[in-house]
Every structure is written in C-alpha cells, then in structure tokens.
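Notes follow the structure.
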Amino acid sequence: MKTKSVVKVMPKQHTDDSIADLMQKLLLKIGEDPERQGLVRTPQRADKALRFLTSGYETDVQSIVNGALFEEKCDEMVVVKDIEFYSMCEHHLLPFFGTMHVAYLPNNKLIGLSKIPRIVDMFARRLQLQERLTHQVAETLQEVLKPKGVGVICEARHFCMMMRGVEKQHSGAVTSAMLGAFRARKETRDEFLSLVSHRNHPFY
Ligand SMILES: [Zn+2]
C-alpha cells in the first residue's frame, strides 16, 4: 500500500516510516491481512487517531491561558467538577478515562472556567500515568495563577486492567494532588471534598 502521502502531510515525522506504515506492519505482525477490505484504510485512520490522542504534546499552556486570566478580588474556592477526560496509559498504550475535579483558592486572580478542562485535555492527550496527569494539572494551575492552593482529584478506569491480565472491570483508581492550603488545611480539603462528593458518579 502506498502511504507516502501520509508522510508528506506530516512534516514533523523524523523517521522514514510514518505511523500509518508502522500500523500496517503491526497488522501483519498480529496475523492480519492489511489488504483485506475492512483494513485497507485502517493504518491511515489509526495514524490520524493516534495523532489526535497525543496532540497534547503540541499544545502549550500559554496558548490556552492567554487572555483568560483576570485580576479580581476573590478568595472563595472555585471548583470545576466532573471534567471528563480520555488518556492513554504509557505502559500498555491502552486508554484510561474518567473524571477530574479541580479546585483552587484564588489569590485575587481568576482563570476563565472553560480553560481548566482545556488544561486537563492538554495533559490527557499524551502518554500518561494517572498519578502524573493529576499532578501536572495541579502544578500548572499553581504556576499560572499563584493561588493560595490547588486541589485535584482524578477517578479513572484503565483498559489495561479491564481488558487484560486481571480483568477487573469495575475497579477504578483514584489519585489526588493537594497543593498549598489544600495540603496544609483540613478545612479547605474538606470543603473541596464535600463540594465534589454529591454527584452522579459516571461509573456506577
Ligand atoms: Zn496500563
């Protein structure tokens, strides 16, 4: 199959093989026939899908937050909860997905609420560990806003657990990152937890 056109439109490709070329080899490796009808365009589709799922490498924080930071006298907790995300586990290249709850205690600086899910997506669309994803979101808000504190809770289910090996389909993992007041003050942490705990759980 000719896949040269794929290479042409992907100028950042550093190796001779495009992702589509590699996908075609992968199909052969697992015993498939890449020429059969259903698979003829699969390498290109998978190439495109994988580029989208890892597009977070090419996004930077400044381009997201530019023009969306506001000076405002405000010191009440801001919470954005139930942010859906989809990521890829770096150990198995299988998806993990779930929800994230993000809060910060402003220090007279606010960020446009819609920017928080975009920051989550920026880090989720990379090869990840749930723990690192959680921390990266927290640390980015800490850097950008210099707030009194940041709290992030992430609940996820991993295809590598659900589909292979242990096959525990209903087990989820919860990770958290607490910075500043969220780490130091139990009252702040409790307020955050109470704000995010009464909700429709996405998994059950
Ligand atoms: Zn995994």
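For this structure, a couple of remarks:
- Count Lys and Arg as plus one, Asp and Glu as minus one, and take only other residues whose Cβ is under 14 Å from that of Arg185; the net charge is then 0.
- Computed helical MRE - 222 nm, the chain, DSSP H runs ≥ 4 contributing -39500 (n - 2.57), nearest 500: -11000 deg cm²/dmol
- Using the Cβ of Arg118 as centre and a radius below 15 Å, the other residues enclosed give a net charge of -1, where K and R count +1 and D and E count -1.
- For the listed peptides 51-57, 62-68, a ranking on the average number of other beta carbons within 10 Å per residue, highest first, reads 51-57, 62-68.
- Distance from the alpha carbon centroid of the stretch 123-193 to that of the stretch 61-103 works out to 10 angstrom.
- Surface share of carbon and sulfur [accessible, 1.4 angstrom probe, percent] for the chain: 55 percent
- Fraction of alpha-carbon pairs over 32 Å apart in the chain - percent: 30 percent
- Of Lys109, Lys146, Lys48, the one that fluctuates the most in a GNM where the chain has Cα springs shorter than 10 Å: Lys48
- Principal-axis tilt of helix 42-53 within the chain, Cα atoms, nearest 10 degrees: 20 degrees
- Residue with peak Gaussian network fluctuation, the chain [Cα springs, cutoff 10 Å], from Ile83, Ile111, Ile19: Ile19
- Rounded accessible area per residue of the stretch 75-151, 1.4 Å, Å²: 41 Å²
- For Asn107, the amide hydrogen comes within under 5 Å of the amide hydrogens of Lys148, counting only partners 5 or more places away or on other chains and with H modelled in the peptide plane.
The values are calculated or read from the model by the stated rules, or taken from the named source; none is laboratory data. These numbers were taken from a predicted model, which means no experiment stands behind them. Cβ sites come from the backbone with ideal geometry, for glycine too, and all protein chains shown count toward neighbours. All accessible areas refer to the heavy atoms of the entire protein, side chains included, with ligands and DNA or RNA removed. Shrake-Rupley method; radii C 1.70, N 1.55, O 1.52, S 1.80 Å.
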